[in-house]
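The values are calculated or read from the model by the stated rules, or taken from the named source; none is laboratory data. This structure is a prediction, so every number in the text was calculated from the model and none was measured. All Cβ positions, even for glycine, are placed from backbone atoms using ideal geometry, and neighbour counts span all protein chains on display.
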């Protein structure tokens, strides 16, 4: 049975999704409250409450007499502030990001096990299957598409707006560290990841929050181990004068 959610909370999420769908950037103007109400199929009162939430989060800016705008400062959970200090070539930053993702994924999986609707369970299952098909057919695009959809579906099933945004942004930042990671590879940890996805899904489906959290933690830990192995291989497989540049104290050979 799904947990009740206030209309303004749902509308707030829908406005964020609309911003992404329309490709709006900071400073761009949003539709009016009346237009948003029509597009979202709700009332202007609900939209107004949603705008208050998004304004408090720093995602939307309301200018009296002028309308609604995507905020210039996207807030503490927005991409702007995260990207301002994250360095994808700094291994210390990458490892800290994994540590952060571990906490996120454990909690979203734990909440999803308690809150996922039948439709959300199907979305998680379908994404896991897509990832598996990508691995079995050697299609990197399908594997990565399924992987992104899987983690996004779990975050959605947590029914927590803040976790959804945080998971999305953390995965976006991790994708920036391609030069030292394994994203885009169907080898390595991929076969194990497919089974780990299945374990997470089964725990969520069984409504076992702690088993789901443990399975999610194991998945992130194993993915991080794979990153470490790849980094070691790259450090030692290049001639001394031709090693890839990676910064941070963790880049020493004692990974």
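Within region 27-38, the residues that satisfy the criterion of being more than 24 Å from residue 162 (Cβ to Cβ) and in a helix (DSSP H, G or I) are 34, 35, 37, 38. Among the residues making up region 114-139, those that are surrounded by fewer than 17 Cβ atoms within 10 Å (Cβ to Cβ) and touching a helix residue (DSSP H, G or I) at 6+ places or on another chain (Cβ under 7 Å) are 114, 121, 133.
Give region 206-221 a look and list any residue that's surrounded by fewer than 19 Cβ atoms within 10 Å (Cβ to Cβ), over 18 Å from the mean Cα position of the chain (by Cα) and part of a helix (DSSP H, G or I), or say none. Result: 210, 211, 214. For region 88-96, the condition of being at pLDDT 85 or above, within 21 Å of the chain's Cα centre (by Cα) and either surrounded by fewer than 19 Cβ atoms within 10 Å (Cβ to Cβ) or under 16 Å from residue 167 (Cβ atoms) (or both) holds for at least one residue. Within region 10-22, residues that are touching a residue at least 60 places away in the same chain (Cβ under 8 Å) reach partners that are assigned to a helix (DSSP H, G or I) with beta carbons closer than 7 Å, at six or more positions or on different chains, in the pairs 12/50; 12/53; 12/54; 12/161; 13/161.
Conditions (1) modelled with pLDDT under 95; (2) within 24 Å of residue 210 (Cβ to Cβ); (3) under 12 Å from the mean Cα position of the chain (by Cα); (4) in a helix (DSSP H, G or I), marked per residue:
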{"site": "113", "(1), (2), (3), (4)": "no, yes, no, yes"}
{"site": "120", "(1), (2), (3), (4)": "no, yes, no, yes"}
{"site": "123", "(1), (2), (3), (4)": "no, yes, no, yes"}
{"site": "128", "(1), (2), (3), (4)": "no, yes, no, yes"}
{"site": "145", "(1), (2), (3), (4)": "yes, no, no, yes"}
{"site": "154", "(1), (2), (3), (4)": "no, yes, yes, yes"}
{"site": "164", "(1), (2), (3), (4)": "yes, yes, yes, yes"}
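Within region 65-87, if we keep just the residues that are modelled with pLDDT under 80 and more than 17 Å from the chain's Cα centre (by Cα), the residue that is surrounded by the most Cβ atoms within 10 Å (Cβ to Cβ) turns out to be 87.
Flag set for residue 203, criterion: closer than 13 Å to residue 106 by Cα, assigned to a helix (DSSP H, G or I), modelled with pLDDT of 80 or more and in contact with a helix residue (DSSP H, G or I) (Cβ under 6 Å, 6 or more places away or on another chain).
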